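Structure, as structure tokens:
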Amino acid sequence: MSTTSTVTIRPLVAKDEAVWRDLWTAYLTFYKSSVPETVYQSTFARLLGDDSADFNALVAEQDGRVVGLVHYLFHRHCWRVENVCYLQDLYADPSVRGTGIGRKLIESVYAAADDAGAPAVYWLTQDDNTAGRRLYDRVGQHTNFIKYQRPA
């Protein structure tokens, strides 16, 4: 990356579908997961929708190329009056990792949460995601919660 490269964080738009699909597929592959075509279609439609219950999406654009994405959701919380923000998916193309793209995407979610009056932003990651956790330890606070889920 050139030191003069400009990074823009902006909302996802319809023309981003192909690159979004590529980045989200790479994200899912990183977590050893996949989804059927119907999920790609419904997720993209929801990300572009205007239902306040749906996820939001931002992308990082560098020198005219989309190189990262973040999906986040505002939801109610029993311990607060205000909504909170869940950052579900964060991904930067491997070619730009370590250049601040991930931090800019997280900080953009923080700003969106502030604008929405949501005092808390939280996310999950796998314990062995050492590269991601190096960033998260700089921009977030590690908690002692452990995730459980219903067995498949």
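The values are calculated or read from the model by the stated rules, or taken from the named source; none is laboratory data. These numbers were taken from a predicted model, which means no experiment stands behind them. Please note: Cβ atoms are built from the backbone with ideal geometry, for glycine as well, and neighbour counts cover all protein chains shown. We work out accessible area using only protein heavy atoms, side chains counted, and drop any ligands, DNA or RNA first. Shrake-Rupley method; radii C 1.70, N 1.55, O 1.52, S 1.80 Å.
Taking every residue in region 11-22 that is open to solvent by less than 70 Å² (accessible area, probe 1.4 Å) and modelled with pLDDT of 95 or more and pairing it with any residue that is outside any helix (DSSP H, G or I) and not β-branched (Val, Ile, Thr), at least 6 positions away or on another chain, the pairs with Cβ-Cβ distances below 7 Å are LEU12/ALA57; LEU12/LEU58; TRP20/LEU12; TRP20/LEU69. Within region 126-142, the set of residues being part of a loop (DSSP other than H, G, I, E, B) and either in contact with a strand residue (DSSP E or B) (Cβ under 6 Å, 6 or more places away or on another chain) or farther than 20 Å from HIS77 by Cβ (or both) comprises GLN126, ASP127, ASP128, ASN129.
For region 102-126, which positions are farther than 15 Å from PRO11 by Cα and among the aliphatic types (A, V, I, L, M)? Those that are farther than 15 Å from PRO11 by Cα and among the aliphatic types (A, V, I, L, M): ALA116, ALA118, ALA120, VAL121, LEU124.
Residues that are part of a helix (DSSP H, G or I), at pLDDT 95 or above and within 20 Å of ILE106 (Cα to Cα) are absent from region 60-70.
The rows are residues; the columns are (1) of a type in the set (A, V, I, L, M, F, W, C); (2) in contact (Cβ under 8 Å) with a residue 12 or more places away in the chain; (3) touching a Phe, Trp or Tyr at 6+ places or on another chain (Cβ under 8 Å); (4) closer than 26 Å to VAL81 by Cα.
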| residue | (1), (2), (3), (4) |
| --- | --- |
| ALA111 | yes, no, no, yes |
| ALA116 | yes, yes, yes, yes |
| ALA120 | yes, yes, no, yes |
| LEU124 | yes, yes, no, yes |
| ASP127 | no, no, no, no |
| ARG133 | no, no, no, no |
| ASP137 | no, no, no, no |
| HIS142 | no, no, yes, yes |
| PHE145 | yes, no, no, yes |
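Tallying residues that are in contact with a strand residue (DSSP E or B) (Cβ under 8 Å, 6 or more places away or on another chain), open to solvent by 60 Å² or more (accessible area, probe 1.4 Å) and not in a loop (DSSP other than H, G, I, E, B) within region 71-108 yields 3.
When residues in region 24-40 are screened for being in a helix (DSSP H, G or I) and open to solvent by 80 Å² or more (accessible area, probe 1.4 Å), 4 of them pass.
Quick test of your reading of the structure: ASP54 fulfils all but one of (1) part of a loop (DSSP other than H, G, I, E, B); (2) under 24 Å from LEU135 (Cβ atoms); (3) not hydrophobic (A, V, I, L, M, F, W, C). Name the failing condition by number. So the condition that ASP54 fails would be (2).
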